[in-house]
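The values are calculated or read from the model by the stated rules, or taken from the named source; none is laboratory data. It should be emphasised that the depicted structure is a prediction, and the values quoted were computed from it without experimental measurement. Note: ideal-geometry Cβ built from the backbone for every residue, glycine included; neighbour counts use all protein chains shown.
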Amino acid sequence: MKNNQKRIFEILALILIAIFCISISPKTLQNDTFYTIKIGEYIVKNKGIDMVEPFAWYQGLEYTYPHWLYDVMIYVIYSLGGMTGIYISTCIFAVILGITLYEVNSKLAKNKVVSFVITIGAIYMLRDYITARAQLVTFILFILQIFCMEQLINTNKKRYGVALVTISILMANLHVAVWPFSFVLYLPYIVEYIVACMEERTAKKYGKEVIPGQKLQIIKKDGVKILIIFMLICILTGFLTPLGTTPYTYLIKTMQGETTHNISEHQPMTLIQSTDVLCSIIILLAILIFTNSKIKLKDLLMIGGLLLLMLYSRRQSSLYVLIGSIILNRIIYDWMESWVKDIDNNLINVITTRFGMFIVSAFILILSLYFIKPRLKSEYIDKNTYPVEMSEFIKNYFKEKNIDLSEVRLYNEYNYGSYLIYSGIPVFIDSRADLYSPEFNEGQDIFMDFIKSSNLEVYFEDIFEKYDITHVILYKDSKMNRIIEKANLENYKLLKKDEKFVFYEVKK
């Protein structure tokens, strides 16, 4: 009877997780998805990667194609199903993420009910990161990596090591920027093993026994030695890409530049503005401080390290939520079991009653309806953010003038540059920030030239002269456009204005 109830709960949990994941999957595309489609198309049609930038109108820019495999995959999906295909694929990847997170949690923490609740909470906290970007696939890989690492240490079965190598190869090709972070996840296991060995050696030296800590557990697992071997093998997988040494240099170059200081997702996190993250930290600390729950050293190091990374860059909150959910699950369930033995089965017995299933299902369905209702009315492309009509006007205008678009030196803004690429218009800049930094293209700091000109730190006409700009597209309410309009600058001929954008010709 118990096994039957567990199967019922498992099926119910998987269905509700899938529904919730679909409900928070956005229909409207983010700017990165637009250039992803075009880069994938470029790779497929050119039958390879040439490390040359094809979409900016500059000559000789180098591009590293940091997520080339994902770009190709999205282009194939787009070519088969268009924008609808991309939306469906986002929903599918979100469901895979949710189910993977639940299964890994339930297997590692050895419970089902808390794992279900933790998974729903984690997916909710990740709602802003679930979109058609390479990170969505690498989230799944990170969770699988943690599972394989834990299983390798506990069982010494080499197949989990082979899986780690496979995951590393995929990550290096799907999203090279996060590939180095996969090695950060090995460190807590290695440090715990070293500390355990030192503790054991010290105890033997003085003829004493190793006494387990009351709160902090330091456990020696010999499987860590095998884990280290596979980690070293994984380091070499960076060469199994068509990108040369990019997997080893990309993150270093990115961190050295100014781009991370000017992009919101790379800014330090302010906890008071991230209520859900702050609540998770408070729950974790409260359980550790005010209960008799124990925490393993590797878990303490993992959650502490991820917390520091998150405070340094808010983008890393995604990893904090993903990996932290497993650690929080362990601690919460350990605390619950100290109060009631076999609590997971007791909770399953309650939930799998008709009333229990009705309450749980109703709650998740109402929550899902709340999230999906506004998304159903949304469009694939937000015309308030992206110059949909203006792009068509620009292409028709130059076609009528018999001017090749490749000869036009257009100044555009960062947030919609990717859409211009998608529309077939060469750009001044787009959201591939690294491409326009001197770390990747020595001697050219296009990114900071844009930042300074758009913020009016420097006079924008000096930048226009530097790059010999011939045409300008701007948000109608941008600082630059206000100056052009209010000052009645005569060398700007207005060619088109709509509700959100303006398009000028720069007279020489």
Worksheet item: So which of TYR42, TYR70 ends up being in a helix (DSSP H, G or I), more than 19 Å from the chain's Cα centre (by Cα) and closer than 28 Å to GLY238 by Cβ?
Response: TYR42
Worksheet entry | Pairs where the first residue, in the range 133-150, is of a type in the set (Lys, Arg) and the second is in a loop (DSSP other than H, G, I, E, B), C-beta under 9 Å, 6+ apart | ARG133/GLN30; ARG133/HIS67; ARG133/HIS175
Item to complete: Could you tell me whether any residue of the range 277-297 is touching a strand residue (DSSP E or B) at 6+ places or on another chain (Cβ under 7 Å), assigned to a helix (DSSP H, G or I), modelled with pLDDT of 85 or more and crowded, with 16+ Cβ neighbours inside 10 Å?
Response: yes
Fill in: Answer from ILE74, ILE88 - the residue that is in contact with a Ser or Thr (Cβ under 7 Å, 6 or more places away or on another chain) and either more than 17 Å from LEU376 (Cα to Cα) or surrounded by fewer than 17 Cβ atoms within 10 Å (Cβ to Cβ) (or both)
ILE74
Discussion item. Would you confirm whether or not the range 10-25 contains a residue that is within 17 Å of the chain's Cα centre (by Cα), over 30 Å from ILE351 (Cα atoms) and outside any helix (DSSP H, G or I)?
Written reply: no
Fill in: Which listed residue, of PHE116, PHE142, is in contact with a Ser or Thr (Cβ under 9 Å, 6 or more places away or on another chain) and closer than 21 Å to PHE183 by Cβ
PHE142
Discussion item. Show the residue pairs meeting these rules: Cβ distance below 6 Å; 6+ apart or different chains; first residue within the range 342-369 and at negative phi; second residue part of a helix (DSSP H, G or I) and of a type in the set (S, T, N, Q).
Written reply: ILE348/GLN5; THR352/GLN5; SER368/SER23
Item to complete: Considering only the range 252-276, state which residues are modelled with pLDDT of 80 or more and surrounded by 18 or more Cβ atoms within 10 Å (Cβ to Cβ).
Response: none
Worksheet item: Out of the range 40-54, which residues are touching a residue at least 12 places away in the same chain (Cβ under 8 Å) and touching a Phe, Trp or Tyr at 6+ places or on another chain (Cβ under 7 Å)?
Response: GLY40, GLU41, ILE43, VAL44, ILE49, MET51, GLU53, PRO54
Worksheet entry | Filter result (closer than 11 Å to TYR186 by Cα and either without any contact (Cβ under 8 Å) to a residue 12 or more places away in the chain or of a type in the set (Gly, Ala, Ser) (or both)) within the range 222-236 | LEU232
Worksheet entry | Options ILE8, ILE99, ILE37: the member that is touching a Leu at 6+ places or on another chain (Cβ under 7 Å), outside the structural domain of PHE428 (by TED's automatic domain parsing) and touching a residue at least 40 places away in the same chain (Cβ under 8 Å) | ILE99
Item to complete: Answer yes or no as to whether ILE219 is touching a strand residue (DSSP E or B) at 6+ places or on another chain (Cβ under 8 Å) and either part of a loop (DSSP other than H, G, I, E, B) or modelled with pLDDT of 95 or more (or both).
Response: yes
Worksheet item: Given the structure, is VAL224 touching a helix residue (DSSP H, G or I) at 6+ places or on another chain (Cβ under 8 Å) and modelled with pLDDT under 80?
Response: no
